[in-house]
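> Okay, here's the structure, questions in a sec.
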Ligand SMILES: *Cc1c(COP(=O)(O)O)cnc(C)c1O
């Protein structure tokens, strides 16, 4: 790409970073290099590009990694087979037996499960803190804390954490700050600019954006962390295939325009929910009454496409709404072009039931898609009106 990518606008980077026309054929789109291995020019002599085996590196994946890194404003990107594989690599590279980490009280359920059920059996301990309360985070730090794991906005309660403050607390204690930027995307927020050491993504969500591929990514400015992550990924093998990398790269090109529309639609849906008599509380950082609103306005470009609300008539009614929409598809996951609805207590967050991360039973979570917003509001209205 001509010039320094960091000087180009977001959408230009999304479309061009790492995505030069193919040098051999001129193919404008990065090809799907569906190959496991690469011919060598003599023993130990790789050709231009240095590719030798696709677990180690693959050109389609390289293009995706350069694009994601350019969007996050980081030096190094690494793609993984899933968001959880990316998170697992960070945890295994940064933590050793005896180490401790601090994680949010509404962390993604899968991240909590990995830490609580897998990591603890390897001698790693953790504390849970309400990340929007910096004093709680400071109090949770121990001499052996090596990692603070943060999501902002968080899932499913859309809590906002002060990333600059968390980076300071982590660094003062000799720990690193990881930000799971899946909900915000680099279009709305770039944690490395606020002091984070590592950014992790489930690219399954907004980056891929079309609910057709599972993937993950890590971005960091640190050469050392990049080397360690690369070594672990090559050793353990949690890589995405070429076609998955290509699908993610294809989705990524429109991230900026999609996010604008997700935000527009989520704002309109939020307004309708706030005004609805069957809705008790609406969780959206764009609302002036949201406790993290001012912070979100400072560290984010806009407020995102995720909205949660509690039903005034309790869990049964919340379940009925989740099952009663027509356009909003009842499904886990988020961040695709189509609107999704789910009941976190029974679905995405079932694995945290009974823990400190338990969510309200009457909570409904929406991933607001990019359809015509009038249709989305009408669909929610009819589902809320059905209440038994
Ligand atoms: C989905 C998700 C993950 C896990 O990613 P997978 O691609 O499903 O493995 C991690 N963090 C957040 C915030 C997510 O939404």
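> Sticking with the crude label model, points 7 Å out along Cα→Cβ, report the distance from residue 122 to residue 297 in nm, one decimal please.
4.3
> To one decimal place, what orientation-averaged projected area in nm² is obtained for the convex hull of the Cα set of segment 256-385?
Mean projected area of the Cα convex hull: 7.8 nm².
> So for the pair residue 53, residue 135, with labels modelled 7 Å out along Cα→Cβ, what separation do we get in nm?
Each label point lies 7 Å from its Cα, and together they span 5.5 nm.
> Test of understanding: what is the full-extension gain from residue 236 to residue 257, defined as 0.36 nm times their sequence separation minus their Cα-Cα distance?
So the chain would gain 4.0 nm between residue 236 and residue 257.
> Provide the convex hull volume over Cα atoms per residue for segment 5-96, in Å³.
137
> Moving on. Which residue fluctuates most in the GNM of the chain (Cα springs below 10 Å): 284, 126, 51?
The residue that fluctuates most here is 51.
> For the chain, with a Gaussian network of springs between Cα atoms less than 10 Å apart, report the residue from 277, 23, 186 with the top mean-square fluctuation.
Its mean-square fluctuation being the largest, the pick is 23.
> Here's a follow-up. Quick check of the Kirkwood formula: for segment 5-252, what is the inverse mean of 1/r over all pairs of different Cα atoms, in Å?
About 18.5 Å for segment 5-252.
> Give me the angle, in degrees from 0 to 90, between the Cα long axis of helix 83-94 and the longest principal axis of the Cα atoms of the chain, rounded to the nearest 10.
Once rounded, the angle reads 70 degrees.
> Something else now. Please give the Cα centre distance for segment 345-388 versus segment 84-141, rounded to the nearest Å.
For segment 345-388 versus segment 84-141, the Cα centre distance is 26 Å.
> Which percent of Cα-Cα pairs in segment 91-235 sits in each 10 Å bin, short to long?
Values per bin, smallest distances first: 12, 43, 38, 7, 0.
> If I stretch the segment between residue 223 and residue 337 completely, what's the gain in nm (0.36 nm per residue apart, minus their alpha carbon distance), one decimal?
Result for the pair: 37.6 nm of gain on full extension.
> Could you work out which residue, out of 338, 72, 224, moves most in a Gaussian network model of the chain, that is, has the largest mean-square fluctuation with Cα springs under 10 Å?
Residue with maximal mean-square fluctuation among 338, 72, 224: 224.
> Can you bin segment 168-304 into rounded, prolate or oblate? Criterion: square roots of the alpha carbon gyration tensor eigenvalues sorted a ≥ b ≥ c, rounded for a/c under 1.5, prolate for a/b above b/c, oblate for the rest.
Verdict is oblate for segment 168-304.
> Let me ask another. Specify the angular offset, from 0 to 90 degrees and rounded to the nearest 10, of the alpha carbon long axis of helix 315-324 from the longest principal axis of the alpha carbons in the chain.
The angle comes out at about 60 degrees.
Throughout, read-outs are computed from the coordinates displayed, never taken from laboratory work. Everything quoted here is computed from the prediction, not taken from an experiment. Every residue, glycine among them, receives a Cβ derived from its backbone with ideal geometry; neighbour counts consider all protein chains shown.
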